[in-house]
1. Can you name the number of the only condition in (1) farther than 23 Å from Ala157 by Cβ; (2) in a strand (DSSP E or B); (3) of a type outside the set (S, T, N, Q) that Ala194 fails?
2. Of the residues in the stretch 119-155, how many are under 18 Å from the mean Cα position of the chain (by Cα), of a type outside the set (A, V, I, L, M, F, W, C) and not in a loop (DSSP other than H, G, I, E, B)?
3. Restricting the search to the stretch 354-380, which residues are in a strand (DSSP E or B) and crowded, with 19+ Cβ neighbours inside 10 Å?
4. Within the stretch 217-227, identify whether any single residue is under 19 Å from Glu45 (Cα atoms), buried (at least 16 other Cβ atoms within 10 Å of the Cβ) and at pLDDT 95 or above, and answer yes or no.
5. In the stretch 49-66, is there at least one residue being touching a Pro at 6+ places or on another chain (Cβ under 8 Å), more than 15 Å from Gly177 (Cβ to Cβ) and part of a helix (DSSP H, G or I)?
6. I want to confirm something. Restricting to the stretch 93-146 and keeping residues that are of a type in the set (D, E, K, R) and either outside the structural domain of Thr164 (by TED's automatic domain parsing) or closer than 20 Å to Phe322 by Cβ (or both), which single residue is surrounded by the most Cβ atoms within 10 Å (Cβ to Cβ)?
7. When residues of the stretch 197-230 are filtered for being on the phi < 0 side of the Ramachandran plot and assigned to a loop (DSSP other than H, G, I, E, B), how many remain?
8. If Val197 satisfies all but one of (1) surrounded by fewer than 18 Cβ atoms within 10 Å (Cβ to Cβ); (2) assigned by TED's automatic domain parsing to the domain that holds Ile44, what's the number of the condition it fails?
Amino acid sequence: MTTATIPFNYPHMTGKELYYIAEAHFGGKLAGDGPFTRNCHRWIEERAGCRRALLTHSCTAALEMQSLLLDLRPGDEVVMPSYTFVSTANAVVLRGGTPVFVDIREDTLNIDETLIEDAVTPRTRAIAPVHYAGVGCEMDVIMDIARRRNLKVIEDAAQGFMATYKGRQLGSIGHLGAYSFHETKNVISGEGGALLVNDPEMVLRAEIIREKGTDRSRFFRGEVDKYTWQEAGSSYLPGEIIAAFLWAQLEEAEKITACRLALWQRYHEGLADLERRERLRRPVIPADCVHNAHMYYILLPPRVDRQKVLEGLKAAGIHAVFHYVPLHSAPAGRRYGRVHGAMTRTDDLSARLIRLPLFADLTHDAQDRVLQTLERLLDR
């Protein structure tokens with residue numbers, strides 16, 4: 001990171017990462033499920049209150065494990081927002097399933113829970129809420145629909161680590177959840193993720209699927225005298241070096257989150273006047289949600305050219321970015337998915353959104369520069 005440029009993201013280091021990596025090396029355990037992995041599992045289980053947490057080499061892997069655990073078959077459908085990362089849909093498509101896209105809410109940009117039930121068909125197997133920007137979806141409504149229609153809820157909480165809905169950790173509310181520890185997230189391991197198993201009936205199968213379809217975990221616990229191939233699975237474990245890095249981050253997770261929340265709030269207060277003057281719209285956090293400051297985004301008025309604003313920020317040495325191209329409008333989305341209803345808000349809001357630089361080591365001076373540049377560009 002140079003003094004001239006403010007990056008969109010910069011990985012935060014706690015100072016213990018290399019020490020723990022060296023400890024793993026000298027301990028002679030570099031494959032998955034060593035001492036650092038067990039530390040991470042225990043920390044997530046205690047924090048989230050899930051039945052089982054299992055580290056994976058990415059959140060994408062955790063989402064794919066969700067589909068395997070549901071035993072998705074060709075033709076099965078999963079209802080989800082179109083405004084999400086490709087992995088949410090890919091996990092379904094890889095099993096021959098069909099993502100069914102519905103529109104998002106105006107306020108949080110999360111899936112519009114009022115549109116879900118009408119999208120359910122006899123082929124529907126699950127609902128996949130995505131907690132955008134670390135703000136919880138309306139999970140009580142979603143869980144009620146799932147209960148009445150005999151569906152599973154598979155949370156994509158890639159951005160939701162350390163955030164809550166009505167006091168419950170995101171990722172721990174549905175039958176299954178998934179976290180990301182990618183370097184762009186709040187708590188990181190470079191690449192990495194975790195599967196949260198909240199349905200006790202799925203715990204054993206989750207362990208088997210993660211261990212190449214074998215009961216190796218039971219063998220190491222002394223529950224069987226040898227491990228064998230039980231069902232279809234793959235190698236979803238991260239190495240112990242990844243877990244060692246993550247453990248250093250988890251130990252500081254509260255501090256990292258508090259730091260990001262303070263920076264998020266500083267943006268929020270600094271942009272209040274521009275919102276009052278209708279130059280932009282700030283994020284909305286519902287009363288039932290405690291977010292984690294995963295990102296700070298703004299929504300431009302329809303009349304403003306987003307590309308010109310991005311170019312103006314870039315010219316000032318500020319790396320701001322837009323976000324997802326809605327999946328329903330992507331080539332693969334049109335090929336593999338199905339749209340239910342109008343996607344008016346998805347199309348409109350996705351075209352007006354800009355994400356501002358936000359990371360734990362962002363200085364107030366840099367943040368002030370972002371605020372001042374935005375005001376100059378939007379007051380033209």
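1. Only one criterion is unmet by Ala194, namely (1).
2. The number of residues fulfilling the criteria is 3.
3. Step one: filter the stretch 354-380 for residues in a strand (DSSP E or B), giving 354-356.
Ile354, Leu356, listed by residue number.
4. Scanning the stretch 217-227, I find no residue that is under 19 Å from Glu45 (Cα atoms), buried (at least 16 other Cβ atoms within 10 Å of the Cβ) and at pLDDT 95 or above, so the answer is no.
5. First, the residues of the stretch 49-66 that are touching a Pro at 6+ places or on another chain (Cβ under 8 Å): 51, 55-57.
Cutting the leftovers down to more than 15 Å from Gly177 (Cβ to Cβ) gives us 57.
If we keep only those that are part of a helix (DSSP H, G or I) as well, we get none.
The answer is no; no qualifying residue exists.
6. Kept after step one, since they are of a type in the set (D, E, K, R), are these residues of the stretch 93-146: 95, 103, 105-107, 112-113, 117-118, 123, 125, 138, 140, 144.
After this cut, where a residue has to be either outside the structural domain of Thr164 (by TED's automatic domain parsing) or closer than 20 Å to Phe322 by Cβ (or both) as well, the list is 103, 105-107.
Numbers: Asp103: 26, Arg105: 20, Glu106: 14, Asp107: 12.
Ranking the qualifying residues of the stretch 93-146, first place goes to Asp103.
7. Going through the stretch 197-230, the residues on the phi < 0 side of the Ramachandran plot turn out to be 197-211, 214-221, 223-230.
From the residues that got through so far, the ones that are assigned to a loop (DSSP other than H, G, I, E, B) too are 198-199, 215, 221, 223-228, 230.
So the answer is 11.
8. It is condition (1) that Val197 fails.
The values are calculated or read from the model by the stated rules, or taken from the named source; none is laboratory data. As the structure is a prediction and not an experimental result, all values here were calculated from the model. Here the Cβ is made from the backbone with ideal geometry for all residues, glycine too, and neighbour counts use every protein chain on show.
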